[in-house]
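Notes for the one structure printed next.
A short reminder: the numbers here are calculations on the coordinates, not readings from a lab. Please read these numbers as outputs of a predicted model, since none were measured by experiment. Cβ placement follows ideal geometry from the backbone for every residue including glycine, while neighbour counts extend to all protein chains displayed.
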Amino acid sequence: MKRLEGKVAIVTGSTSGIGVGIAKLFAQEGAKVVICGRREAKGQAVVDAIVKEGGEAYYHFMDITVVESIDALFKDTVEKYGKIDILVNNAANVGLKDGRVDELTLEMWDNIFASDIRGTFYAIKTVLPYLRENKGGSIINIGSMASCGGDLGSTAYACAKAGVDMLTKSTALQYGKENIRCNCVRPGLIVTPENAAYVPDVLKNIFLNNIMVNRYGEPKDIANMCVYLASDESEYFTGQVVTVDGGLNAHVSTVGEFKTMKTRTW
């Protein structure tokens, strides 16, 4: 359909996982895509796959924790393609088992916050002048269902992703009148080629018992939502935190247990 025809998109953390899915679908929809992350070989492989399918992309090194790296990414993109229309803030340190409050060290806390909220903040701050010059654009932050409620672990990761939720709303409010939109996508359990072998069956079963549909999430599920948010179809959609989780967080917490008991109530 070429819903992103003529647009230039940067997808951070697009050398693996969800980022790859987003980048490939963006290219299929007509965008020129900048693949970026720390792993050059993997990034170039994504570029090669996109080009083979008739799309346009190139790889740019980026470390989300280094401000000079972020600065160079945007500057070089504009030099190469002339503008920036879309920024997907996907790069993050997935610390799902970072621990309880009493177990976390300040170093662990700071490391996760450096990539998951500080880096996202700086990327947004840095891209704003380019989007203003372009008379608008779309910023899409990739959050996490970890920010939906408290958990027994993942404290720092969940807190950082909750910050992404609020950063999304503040950005949308402050720059909406300049035609700059900002939304957040919170994925549920997404099984990727990289994590498939490491997600234990017990965790998969817990999720599947609570998901309303009959499968786990895939990168394409997040990518499809991102295409909508990046396209002109969503020009009246901003400041929203959208959970794409197969309905995991749309019911009361007892549902999974009742399903196991094969009853609707006690």
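Before moving on, here are some points about what is shown:
- Within the range 1-91, percent of DSSP bridges classed antiparallel, to nearest 5: 0
- Projecting the Cα atoms of Ile180, Leu152, Val199 onto the charge dipole of the chain, computed from C-beta unit charges around the Cα centre, puts Ile180 farthest toward the positive end.
- Sequence-separation-based contact order of the range 38-119, relative, with Cα cut under 8 Å and 6+ spacing, percent: 25
- Neighbourhood charge, 12 Å Cβ-Cβ cut-off, centred on Ala45 and excluding it, Lys, Arg +1 and Asp, Glu -1: +2
- Exposure proxy order (Cβ contacts within 10 Å, fewest to most) of Arg100, Arg3: Arg100, Arg3
- Using a simple spin-label model with pseudo-atoms 7 Å out from Cα toward Cβ, Phe61 and Asp110 lie 2.4 nm apart.
- Top of Ser253, Ser231, Ser154 by mean-square fluctuation, Gaussian network on the chain, Cα under 10 Å: Ser253
- The chain - percent relative contact order, Cα under 8 Å, separation 6 or more: 19
- Size of charge dipole - the chain - debye, nearest 20, with Cβ of Lys, Arg +1 and Asp, Glu -1, no other charges: 580
- Length gained on full extension, Asp48 to Tyr198, computed as 0.36 nm times the residue gap minus the Cα-Cα distance: 51.3 nm.
- Bridging of Lys169 to lysines at a Cα separation below 30 Å is possible for Lys2, Lys7, Lys24, Lys32, Lys75, Lys83, Lys97, Lys125, Lys135, Lys161, Lys177, Lys220, once same-chain residues fewer than 8 apart are set aside.
- Fewest-first sequence of Met212, Met108 by Cβ atoms within 10 Å of each Cβ: Met212, Met108
- The charge dipole of the range 1-136, taken about its Cα centre with unit charges on the Cβ atoms of Lys, Arg (+1), Asp and Glu (-1) only, comes to about 540 debye.
- For the chain, taking the reciprocal of the average inverse distance between every pair of different Cα atoms yields a Kirkwood hydrodynamic radius of 19.0 Å.
- When the chain is treated as a GNM with alpha-carbon contacts under 10 Å, the residue of Gly176, Gly119, Gly19 showing the greatest mean-square fluctuation is Gly176.
- Straightening the chain between Lys177 and Glu235 buys 19.7 nm, computed as 0.36 nm per residue apart minus the Cα-Cα spacing.
- Eigenvalues of the alpha-carbon gyration tensor of the range 1-112, scaled by 5 and square-rooted, set the equivalent ellipsoid semi-axes at 29, 15, 12 angstrom, largest first.
- For the pair the range 156-181 and the range 35-56, the centres of their Cα atoms are 28 angstrom apart.
- Residue-span extension gain [Met212 to Lys259] - 0.36 nm each, minus C-alpha spacing: 15.8 nm
- Put in order of Cβ neighbour count within 10 Å, fewest first, the listed residues Thr120, Thr243, Thr260 become Thr260, Thr243, Thr120.
- The simple spin-label model puts a point 7 Å past each Cα toward its Cβ; for Met1 and Glu133 those points are separated by 3.1 nm.
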